[in-house]
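In what follows, a single structure is set out as structure tokens and then discussed.
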Amino acid sequence: MPKLESLVQCSGEALYCNDVVTESNELFCAFVTADVCGGEIESIDASEALKLPGVLSFYTAKDIPGKNSFLPKKVPGILITEEILCDKKVQYYDQPIGIIVAESEKLANRAARLVKAKYKDIKFQPVLTIADALAREPDRISLLMFYPARGRGLNIKKVIKGKQSIYWQYHYHMETQTCVTKCTEDGIDVYPASQWPNQIHIAISEMLKIEQNRINITIPRCGGSYGAKITRNGLVACACALVTHLRRRACRFVMSIDANMKVMGKRLPYTLEYEMGVDKAGEIQYVEYKLYEDHGYIVSDTVTLFGIAAIKNCYNNTRWQYKLYTVTTDTASNTYARSPGALETIAMTEHLMERISYELDLDPIQVRLKNLNPLLSDVVDIVNTLVDESEYEKRKEEILVFNKNNRWKKRGLRVAMMSWPAGTIMDYHILITVYHGDGTVVVKHGGIEIGQGINTKVAQAVAYTLKISINKIKVKSYDVISNPNSSTTGSSRTTHAICFGAIKCCQIILDRLSTIRDTLKNPIWEILIQAAFTAGINLQASYRVTPNDEEIHRSAGAVVTEVELDILTGEHEILRVDIIEDVGLSLNPEIDVGQIEGAFVMGIGYWTCEQQIYDEKTGELLTTRSWNYHVPLAKDIPIDFRVKLRRNSINPIGTLGARAVGEPPMCLAVSVAFALREAIAASRADTGYSKNEWFDIDGPYTLETNCLKSDVNLDEFLFY
């Protein structure tokens, strides 16, 4: 069998959904959104907007022919419907209440601002956070799950109590939520920037009250997603399809960055309340763990399910008792974001380990190893390798010397570990066709290329199985006819599932070709295919991948991160990051390393600079573009960035021996927050605080937070 041929670039068409070409007279639309939170709509006046030349229509919920929901319950995994357009009660500031239709995108956005609505029973103090709900409206909190401890240690030397809160993260994809729709002879063509074709297909069918076989969905590559286009694109796709259905013209809906951030939900905020008893070595004797998650105004997306298995992370949880609570607030419905649920729960569990190491003045690695699940030998192997290759012990000593000799610049060296659960939520069709004229191959599959390199890896798997050059293979855009009823692309498992299905298709074709191959005494591929065609052999095969085809597995990893913090300005540099992740037998090391780097940097943004700010009186989101919502830039990338894949690893239950790659490493970025905390603690020790005195930091380690938490005495400035 030949080696798995490597190719870095994606082999699908270089086309995003917003690049789809339609006729020149296409329409454009924009959402009209509510400018209150919690009121009830009395009337909407669009007369001023409709006076503008080129503004054609204004639609509300009353104009929807069928169901006013972009979350159809017929789709597995969707349990609760969610409005396309607000019908009566406004659930959050900037909730869509109407659609304006115009002849240009600029005009549609301008006209949307001229539509005025009147409300009654306006709520003037919205509930925006978990803390607000706990303090003012506890009826918004519901117990979702209780997990009892299966044991309790008796060697309790210290009891530690605390609370930790983390907040929203906007997905910041390159291509905002978008969709293009066109009229056809039999119905409507839809080009949504979506990860979940089945949801879009059924939602539009139910909204317009037309049959699914009249709705033709094609999805080229999306310009990024990070989970925001799993369910949220359904809102835009339904709105766009509604306009085409009512106006009988092609329509393009491209949300502005401002509207995208205001209308769409973000990563779920979490709050952890905990109490734990530990022995003098830091081993947990018991944990009482209460985790609250903010779903926004409705508990629609099932993010919780992805976090349950991640709470224990890589540790022995037999002495842990935890309760999970869902919380609703007056914000947009929060949704899946890269490593949904798992990032937050792993970060909270790592927070517990970090707290123990501070309170007992112990090495953070030793505390973690003391609590490690003894069955996870992969984590032990990764940590041992990482400690050696990152020169961990040597650098610890160097940082102690540096911090002793520098008052206003401090360094921190910290770690994080993970055992990331990769589930089996999958249902995809794969179709492979071989052309007899030249032996080239076309692959159509149910996954969506969102920048993770799925098309490249599928092409590699097909080339490897058929023993042909990768140059003969073309992966085409998804369409609902070739690949019906496809579930969402996500959980870092779609690529492996599609590769599995593609290999199955190849094996079916190879079985058919075997008799011809034997007759021709092992001919070259092109002659074999031509002979098979002449003999009447079917050169097309399909396969449906379901959870029965793949098993749950976990991806291990660890990181050592070193930062330098300027105490006076709050600015920091990430001096060096060493990551080792177990990706099994990598299908494409270049892509996998790039995914690890990208995920970690996205995590850096979450822990250091990405901060959502709401108006506490109205509920309006105030951070709606990069001018005031700060994402990582070039200088935020670690100066010395070392990413390694675990050596000699193979996943015995994974496709071609591979493991989940793209989402797990984002969980390791919490080490940046821990390293900044250590740098702040070093400064606080110079000020006179106890080295082991814990101080709470919620949310990202922004410039302001770094300065304020350092808590320098004014007298120290006089001395220097």
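The values are calculated or read from the model by the stated rules, or taken from the named source; none is laboratory data. Please read all numbers here as calculations on a predicted model, not as lab measurements. No Cβ is skipped: glycine too gets one built from the backbone with ideal geometry, and neighbour counts run over all protein chains shown. Ligands, DNA and RNA are stripped out before the accessible areas are found, and what is left, the full protein with its side chains, is counted by its heavy atoms. Shrake-Rupley method; radii C 1.70, N 1.55, O 1.52, S 1.80 Å.
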### Query
Looking at the range 513-526, is at least one residue within 14 Å of residue 441 (Cβ to Cβ), among the aliphatic types (A, V, I, L, M) and touching a helix residue (DSSP H, G or I) at 6+ places or on another chain (Cβ under 8 Å)?
yes
### Message
I want to confirm something. Restricting to the range 383-430 and keeping residues that are touching a Gly at 6+ places or on another chain (Cβ under 7 Å) and of a type outside the set (A, V, I, L, M, F, W, C), which single residue is surrounded by the most Cβ atoms within 10 Å (Cβ to Cβ)?
### Response
428
### Query
Mind checking which residues of the range 481-536 are acidic (Asp, Glu) and open to solvent by 70 Å² or more (accessible area, probe 1.4 Å)?
511, 518
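With the requirement that a residue be among the hydroxyl-bearing types (Ser, Thr, Tyr) and either farther than 14 Å from residue 329 by Cα or assigned to a loop (DSSP other than H, G, I, E, B) (or both), what does the range 120-142 give you?
129
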### Summary
Looking across the range 574-600 at residues that are in contact (Cβ under 8 Å) with a residue 60 or more places away in the chain and β-branched (Val, Ile, Thr), the single one that is farthest from residue 350 (Cα to Cα) is 591
### Query
Could you list, in sequence order, the residues of the range 168-193 that are surrounded by 21 or more Cβ atoms within 10 Å (Cβ to Cβ) and closer than 21 Å to residue 341 by Cβ?
168, 169, 170, 171
### Query
Any idea which of (1) of a type in the set (Ser, Thr, Tyr); (2) open to solvent by less than 60 Å² (accessible area, probe 1.4 Å); (3) without any contact (Cβ under 8 Å) to a residue 40 or more places away in the chain is the one residue 561 doesn't satisfy?
(3)
### Message
So for the range 334-352 (the condition being open to solvent by less than 40 Å² (accessible area, probe 1.4 Å), more than 30 Å from residue 230 (Cα to Cα) and in contact (Cβ under 8 Å) with a residue 40 or more places away in the chain), does at least one residue qualify?
### Response
yes
### Summary
Of the listed residues (58, 28), the one being open to solvent by 20 Å² or more (accessible area, probe 1.4 Å), under 31 Å from the mean Cα position of the chain (by Cα) and of a type in the set (A, V, I, L, M, F, W, C) is 28
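What number of residues in the range 162-206 are within 30 Å of residue 624 (Cβ to Cβ) and not aliphatic (A, V, I, L, M)? Please lay out each step first, then the result.
Initial filter on the range 162-206 (within 30 Å of residue 624 (Cβ to Cβ)): 163-181, 190-197, 199-200, 203-204.
Applying the additional criterion that residues be not aliphatic (A, V, I, L, M) yields 163-165, 167-173, 175-179, 181, 191-192, 194-197, 199.
Number of matching residues: 23.
Between 174, 145, which is part of a loop (DSSP other than H, G, I, E, B) and hydrophobic (A, V, I, L, M, F, W, C)? Steps first, please.
Details: 145 fails: part of a loop (DSSP other than H, G, I, E, B).
Within the list 174, 145, the selection yields 174.
With respect to residue 316, is the statement that it is free of Cβ contacts under 8 Å to residues at least 40 places away in the same chain and within 30 Å of residue 647 (Cα to Cα) true? Write out each step before concluding.
Details: free of Cβ contacts under 8 Å to residues at least 40 places away in the same chain: no; within 30 Å of residue 647 (Cα to Cα): yes.
Considered against the rule, which asks whether it is free of Cβ contacts under 8 Å to residues at least 40 places away in the same chain and within 30 Å of residue 647 (Cα to Cα), residue 316 comes out as no.
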#### Entry: Flag if residue 217 is surrounded by fewer than 24 Cβ atoms within 10 Å (Cβ to Cβ) and in contact (Cβ under 8 Å) with a residue 60 or more places away in the chain
no
### Message
Cβ-Cβ distance below 7 Å, separation of 6 or more or different chains: which pairs start in the range 483-507 with a residue that is in contact (Cβ under 8 Å) with a residue 24 or more places away in the chain and end on one that is in a loop (DSSP other than H, G, I, E, B) and polar (S, T, N, Q)?
### Response
488/195; 489/195; 490/195; 493/424; 495/452
## Note on the structure
Scanning the range 387-437 for residues that are of a type in the set (Asp, Glu) and assigned to a loop (DSSP other than H, G, I, E, B) gives 391, 427
### Task
Residues being touching a residue at least 40 places away in the same chain (Cβ under 8 Å) and either hydrophobic (A, V, I, L, M, F, W, C) or open to solvent by less than 10 Å² (accessible area, probe 1.4 Å) (or both): count how many of those fall in the range 194-214.
9
### Message
Among the residues that make up the range 641-653, is at least one of them touching a residue at least 40 places away in the same chain (Cβ under 8 Å), over 19 Å from residue 378 (Cβ atoms), surrounded by fewer than 23 Cβ atoms within 10 Å (Cβ to Cβ) and more than 19 Å from the chain's Cα centre (by Cα)?
### Response
yes
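Do you know which residues across the range 644-674 are among the polar types (S, T, N, Q) and over 16 Å from residue 602 (Cβ atoms)?
Looking only at the range 644-674, we keep the residues that are among the polar types (S, T, N, Q), and these are 648-649, 651, 655, 671.
The answer is 648, 649, 651, 655.
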### Query
Counting only residues that are assigned to a helix (DSSP H, G or I) and surrounded by fewer than 23 Cβ atoms within 10 Å (Cβ to Cβ), which one in the range 365-382 is nearest to the chain's Cα centre (by Cα)?
378
### Task
Six or more apart or on different chains, Cβ under 9 Å: which pairs go from a residue in the range 64-90 that's farther than 26 Å from residue 118 by Cβ and open to solvent by 70 Å² or more (accessible area, probe 1.4 Å) to one that's of a type in the set (Ser, Thr, Tyr) and in a loop (DSSP other than H, G, I, E, B)? Could you list them?
67/81; 73/81; 76/487; 79/300; 79/302
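Within the range 619-720, which helices (runs of 4 or more DSSP H) (wholly inside it) include 2 or more residues that are within 26 Å of residue 313 (Cβ to Cβ)? Don't jump to the end; show me each part of the working.
Details: elements: 670-687, 703-710, 714-719.
Filter on the range 619-720 gives 670-687, 703-710.
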### Query
Yes or no: residue 329 surrounded by fewer than 22 Cβ atoms within 10 Å (Cβ to Cβ), touching a Gly at 6+ places or on another chain (Cβ under 8 Å) and in contact (Cβ under 8 Å) with a residue 12 or more places away in the chain?
no
### Residue in the range 106-128 that is nearest to the chain's Cα centre (by Cα), counting only those that are open to solvent by 100 Å² or more (accessible area, probe 1.4 Å) and of a type outside the set (Lys, Arg)
125
### Query
For the range 146-171, how many residues are under 19 Å from residue 317 (Cβ atoms) and within 23 Å of the chain's Cα centre (by Cα)?
1
